[in-house]
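The structure appears right after this line, and notes come after that.
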Amino acid sequence: MSKTTESDSYYNNLEHMSIHELLVNMNKEDKTVPLAVEKAIPQIEKLAEAIVNNMQKGGRLFYIGAGTSGRLGIVDASECPPTYGIEQGRVLGLIAGGDDAIRKAVEFAEDDITQGWKDLEAYNINVNDVVVGIAASGSTPYVVGALKTCNQKNITTGCITCNAESEVAKVAKFPIEVVVGAEFVTGSTRMKSGTAQKLVLNMLSTSVMIKLGRVKGNKMVDMQLSNNKLVERGTLMLMKNTGITDHETAKALLLKEGSVRNATEAFFNK
């Protein structure tokens, strides 16, 4: 049987290794993570399809987790509106302990089996929404309790965990199990497990946004123009899309219409 994320590390006497040895061995372990993710693609596909189906009905995507797992969900959720122009509040990340836990640990917050559902209730969660629990160990009470209640309320549930046959995977309707094995530092799930969760979150949100029509070709045509770099990127995309040769003309049209998609449509519909 594969080692769990809490199993004793494959390495010992870490304090006696040189920095070079530490880095080489960490990198050696990190290389195994994409292969573990690859094995979970069928599970990722099923959850992504469920999310697309519900979001096309107007539903929302919730990530819920504790510690590193919760923070990773918040990062992914917060990047969807600026990257893909999706409305604020359509993808949301919740963490045990609330916003204070984003920056510092909140003691025992993850051990409350009822608080996860209470946090979801604050958003008037409903049957069109999808809740994805993120828990490296697969046993976090905050996450497990929330998913159990969601199931009782006929709300679609998924999970991302890094242990096989965990409690959260048994609860979730669409489980994703990326079994990474023992961490380089025993039990430090911010390492391989965190990397695996980040990769899966990237795959989920990106594939969902593409299928929701938020990408054209391979371009982020709905991205928010929130800084000069993105305005410049959008201007060049618009020039390529429309054949406009004057940079300032393209930039002015882009800023007027608010997105590459809108500006392109405005150009061809004038």
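The values are calculated or read from the model by the stated rules, or taken from the named source; none is laboratory data. As the structure is a prediction and not an experimental result, all values here were calculated from the model. Here the Cβ positions follow ideal geometry from the backbone for every residue, glycine too, while neighbour counts run over all protein chains shown.
When segment 215-270 is filtered for residues that are among the charged types (D, E, K, R) and assigned to a loop (DSSP other than H, G, I, E, B), the ones remaining, listed by number, are Asp222, Asp246, Lys270.
The set of residues in segment 150-173 being out of contact with any Asp or Glu (no Cβ under 7 Å at 6 or more places or on another chain), more than 19 Å from Arg190 (Cβ to Cβ) and crowded, with 20+ Cβ neighbours inside 10 Å consists of Cys150, Thr156, Thr157, Gly158, Glu167, Val171, Ala172.
Taking the criterion of being touching a residue at least 12 places away in the same chain (Cβ under 8 Å) and not in a loop (DSSP other than H, G, I, E, B), the residues of segment 110-133 that qualify are Glu110, Asp111, Gln115, Gly116, Trp117, Asp119, Leu120, Val130, Val131, Val132, Gly133.
Quick one: Gly98 ticks every box in (1) within 19 Å of Ala146 (Cβ to Cβ); (2) assigned to a loop (DSSP other than H, G, I, E, B); (3) in contact (Cβ under 8 Å) with a residue 60 or more places away in the chain except a single one, so which number is it? Of everything listed in (1) within 19 Å of Ala146 (Cβ to Cβ); (2) assigned to a loop (DSSP other than H, G, I, E, B); (3) in contact (Cβ under 8 Å) with a residue 60 or more places away in the chain, Gly98 misses just condition (3).
For every residue, the table says whether it meets (1) in the same structural domain as Ile134 (by TED's automatic domain parsing); (2) closer than 17 Å to Val180 by Cα; (3) loosely packed, with under 15 Cβ neighbours inside 10 Å; (4) touching a Leu at 6+ places or on another chain (Cβ under 7 Å).
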| residue | (1), (2), (3), (4) |
| --- | --- |
| Thr5 | no, yes, no, no |
| Ser18 | yes, no, yes, no |
| Asn25 | yes, yes, no, no |
| Leu35 | yes, yes, yes, no |
| Gln43 | yes, yes, no, no |
| Glu49 | yes, no, yes, no |
| Met55 | yes, no, no, yes |
| Arg60 | yes, no, no, yes |
